[in-house]
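A quick write-up on the structure given underneath.
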């Protein structure tokens, strides 16, 4: 499996409680499959289009999409990939999407209505010839999962999802300023990986932070 980070995710806050957030899309190639992890929101469309055109990839070529969880900044872009099977934890079904507000409800229902094929994932599952291990990490959302990806070019990649959104949160965790389940998970699994990819920041090389 070959891994490429399409773009670094980010989060921008402006006055009056306005936030623009978009996730880090990870592109994985595995034999005859083209897999995307957390493709992003509508603000991701420009760089997705640019990077796909560079690689000669059509929207119809994406076979599978892995979602850490169902929030707009991670999942809204799923609707533009017509042939993709969606992989997500079953807890996503238990949310009252029709009660999320006038606009957000419409957008969430639009996403759900666009999904043709869904595979429900859970802790311990191995996907795509055992190249991806699923961890159920429900500290950000009940359906939230993180992924350990075995790649040919980047070694072991921990895709955290929003349990660790950026390097600031990561620094607190590795210094044990946090001692919750998330901190224990990252300090245990992260040190076994080559790279840790955050959903709203640049990735880090694990050996730069974990010693021994």
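Values in this text are rule-based calculations from the coordinates and carry no lab data. Since the model is a prediction, treat every value here as computed from it, not as a measurement. FYI the Cβ positions are ideal-geometry reconstructions off the backbone, even for glycines, and counts take in every protein chain you see.
A few notes on this one:
- Relative to the compact-globule estimate of 2.2 N^0.38 Å, the Cα radius of gyration of the range 1-61 comes out at 1.28.
- Dimensionless Rg over Rh [the range 2-208; C-alpha; Kirkwood]: 0.94
- Relative protection proxy for 66-74, 175-183, from highest mean packing down: 66-74, 175-183 (other beta-carbon atoms within 10 angstrom).
- The range 113-177, Rg to Rh (Cα coordinates; Rh as Kirkwood inverse mean 1/r): 1.03
- Added length on full extension, which subtracts the Cα-Cα distance from 0.36 nm per residue, residue 126 to residue 153: 7.8 nm
- Kirkwood Rh (inverse of mean 1/r, distinct Cα pairs), the range 141-181, angstrom: 11.7 Å
- Listed residues 170, 185, 198, most fluctuating in the chain (Gaussian network, C-alpha, under 10 Å): 185
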